[in-house]
Amino acid sequence: MSKSKEITVPDKLKGYTQVRLDVDLATGKIEESVIDPEFCRDWIGGYGFGAKVLWDELEPGIDPLSEDNILVWAIGPFPTTILPTSSKYGLFAKSPLTGMFGMSISSGSVGAQARRAGVNMIVFRGKAPEPVYFVVDDDDRYLKPCKETLWGKGCWDTEETLREEFSDQRLAVMAIGPAGERMSRIACITNDRNRQAGRTGMGAVMGSKNLKAIAFRGTKGTKVAKPAEFYKKAKKLLDVATGSATSKYRDLGTPAGLRSYNDLGMMPTYNHREGTWEKIDDNLITGEHLNEEWVVKTVACTDCPIACDHLARVPKTHSDYPNLVSSVDIELCYSFGTACGNDDWPTIFKCIELCDNLGIDGISGGVTAAMACELFEEGLITKKDLGYELPWGSTKNLVRFTREMILGEGFAGEIFGDGTRLAGKRLEKLGRENASFYGMNIKGLEMPAFDLHGMTSFAVGESVSIRGACHLRNGAYSLDRDGKFDRFAYDKPLERGKSIMGKEDGYTIIDCFIICKFTRGIYESDAELAEVYELVTGIPMTEEYLMKRAEAITNLSKCFNIREGWTRNDDHPPEKCFKTAHTKGPAKGVSLDEKGYQKLLTGYYKARGWDEETGIPTDEKLKELGLDFVIGNLKPKGGKK
Ligand code: SF4
């Protein structure tokens, strides 16, 4: 593609439906409008749509669990086009967990059914006077009360009940469980039973609006701009997607990474005290063992040739969880396994089932449970508090704790039911000094399965992520994993900063399109992403323009955070990474160095063209990115509630 190609927009786009619905939950009014072609070109879809709408339409400083929050649901131009892994959707709101930009992305059948029903974006406002669910059934769009029929049910039961009501097993249903109803700040949304929009508490936002579920069913076709060329390109991508680039996800699922990250000392165990575990060395908690002993089936989302979802089944002879079936991901092997010092697979499966069905994010839930285990070991919480013991390696008591945490019951629910940050604050109020030290979160969002002690590049990448600790907002872990930089050193701050920025903006495009991060390796370059976009939408696109828009979208969501009160101190790993060192493995004796970390953080800000001291985008940078409307509007108004 030529660099100088004009980015003009055709009158009628393909791929996008350009249909926006505005749903006022308080009045029940539903309005349909057309999304401008220029808006589609500049904000691309998914994450970009969410970032622009939240900046433009959300009042700064509002309480995220109040009726003032708005919830944006969006897809990109690709669902149902046969582009691999394109049936995805995103949710965006001010996060009740972080008080900043909230976003969560899920797969399954929702993106495809919504596209067939003809919608691109839905904006929910206000609070329904009683529990309701929202239906998009082709051109039928309506709210229906569900206090008697669905409220109180688990996510799975809600999905099954609605599918029965519609006599259609293909109905795509996004539902919250009891955790979302009680507005737990770590509540998720479940769809297709095993797929979750988990991170940043979007389930709590649905609960705060009395919105129990959203259901989609559609029959409309999709047209692409250049069918023959797109078919050829998509076929090539499908061939690559069924080859070696994605084989580890197909063969072992994401738990394939347990062994490799353990070998590098990056697999967090015992709530990030260590980065290796002998249970992995002994092949007890590995992807290989999981698949040999427990996995019975693999499942794919709509339009996905990879099928990374590995379902494990507990035998009918098991005394506690007979016939239990759970969808197992590496993040949950970490959160309820390695982080809790727990090597009992059925316990991990049961905790996953509780999170998915009753509706909390399994990463936040498990990392909060790991915090509780460490606090128990340290004597900061006791058997008298909980009513039971909770040392490392707990099994039945870990399940009991998890259920109580999700449902908000007992000491576990009251203290830990909203994640690690609030748990620390609540315990400190009770006089349990320094309890927050054990909460492994960044900006309030619990950390994913990477231990930062020996990962200096990702320490920055994970900390600057606009939604809090996240490996899906910034893929800079690969810089440490693949040896692009010395992962124990603090050199080359600007060079690293540029690489971290590149990883972050690359993921921004993926989250705008929206496609699965597991397929990022099937594209030869960003130019191929631009080409696919053009073939589907008919909008002439270049790699340069696409990446500039990615930079603009990352900047705009950063500006959202600044407007909500973000400061440089928010871009910081947990203190534990600085004050404790691993006792074994490749990162033995290593902890992060504050001075070195700050040097790398400044390098990242510099690479971004932001003020090096404050980390705030300069007016020049905002102008360069076409974000002039932000200038003069960055002052916090309340914020971070
Ligand atoms: S790679 Fe996994 S999560 Fe992504 S679309 Fe395929 S099955 Fe779904």
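Observations on the model:
- Remark: pairs (first residue in the stretch 277-305, under 14 Å from Gly337 (Cα atoms); second residue surrounded by 14 or more Cβ atoms within 10 Å (Cβ to Cβ) and among the basic types (Lys, Arg); Cβ separation under 7 Å; 6+ apart in sequence or on different chains) = Ile280/Arg259; Ile285/Lys279; Thr286/Arg259; Gly287/Arg259.
- Residue, surrounded by the most Cβ atoms within 10 Å (Cβ to Cβ), within the stretch 510-531, restricted to residues that are in a helix (DSSP H, G or I), within 16 Å of the ligand (Cβ to nearest atom) and among the aliphatic types (A, V, I, L, M): Ile510
- Residue in the stretch 307-319 that is open to solvent by less than 40 Å² (accessible area, probe 1.4 Å), more than 30 Å from Pro574 (Cα to Cα), in a loop (DSSP other than H, G, I, E, B) and more than 14 Å from the ligand (Cβ to nearest atom) present: yes
- Single residue of Ala93, Ala74 found to be over 24 Å from Gly365 (Cα atoms), in contact with a helix residue (DSSP H, G or I) (Cβ under 7 Å, 6 or more places away or on another chain) and more than 16 Å from the ligand (Cβ to nearest atom): Ala74
- Checking the stretch 554-563 against the condition returns a match, with at least one residue being within 30 Å of Ala307 (Cα to Cα) and at pLDDT 95 or above.
- Any chance Ile415 is at pLDDT 95 or above, surrounded by 24 or more Cβ atoms within 10 Å (Cβ to Cβ), out of contact with any Pro (no Cβ under 6 Å at 6 or more places or on another chain) and in a helix (DSSP H, G or I): yes
- Only one entry in Thr80, Thr8, Thr85 is at pLDDT 95 or above, polar (S, T, N, Q) and either closer than 16 Å to Ala530 by Cα or in a loop (DSSP other than H, G, I, E, B) (or both), namely Thr80.
- Meets criteria (crowded, with 24+ Cβ neighbours inside 10 Å and part of a helix (DSSP H, G or I)) for Cys301: no
- Strands (runs of 3 or more DSSP E) contained in the stretch 133-200 and holding at least 1 residues surrounded by 17 or more Cβ atoms within 10 Å (Cβ to Cβ), under 18 Å from the mean Cα position of the chain (by Cα) and of a type outside the set (Ser, Thr, Tyr): 172-175, 189-191, 195-197
- Flag for Thr17 being more than 16 Å from the ligand (Cβ to nearest atom), over 20 Å from the mean Cα position of the chain (by Cα) and open to solvent by 20 Å² or more (accessible area, probe 1.4 Å): yes
- Tally, over the stretch 596-641, of residues that are without any contact (Cβ under 8 Å) to a residue 40 or more places away in the chain and farther than 25 Å from Gly48 by Cα: 2
- Scanning the stretch 478-493 for residues that are within 18 Å of Asp593 (Cα to Cα) and in a helix (DSSP H, G or I) gives Asp480, Pro493.
- Lys226 being more than 30 Å from Pro64 (Cβ to Cβ), more than 16 Å from the ligand (Cβ to nearest atom) and out of contact with any Leu (no Cβ under 7 Å at 6 or more places or on another chain): no
- Matching entry among Arg199, Arg182, Arg163, Arg170 (being of a type in the set (Lys, Arg) and closer than 20 Å to Ser335 by Cα): Arg199
- Screening the candidates Glu404, Glu446, Glu409 for the property of being acidic (Asp, Glu), under 22 Å from Pro573 (Cα atoms) and either within 28 Å of the chain's Cα centre (by Cα) or not assigned by TED's automatic domain parsing to the domain that holds Ala476 (or both) yields one hit, Glu446.
- The number of residues in the stretch 262-295 that are within 16 Å of the ligand (Cβ to nearest atom) and surrounded by fewer than 21 Cβ atoms within 10 Å (Cβ to Cβ) comes to 2.
- Enumeration of residues in the stretch 332-387 that are surrounded by 23 or more Cβ atoms within 10 Å (Cβ to Cβ) and among the acidic types (Asp, Glu): Asp356, Asp361, Glu374
The values are calculated or read from the model by the stated rules, or taken from the named source; none is laboratory data. Here the structure is a predicted model, which is why all the values come from computation and not from measurement. In this analysis, Cβ positions are derived from the backbone assuming ideal geometry, glycine residues included, and neighbour counts consider all displayed protein chains. Quick note on the areas: whole protein, heavy atoms, side chains included, nothing else; ligands and nucleic acids left out. Shrake-Rupley method; radii C 1.70, N 1.55, O 1.52, S 1.80 Å.
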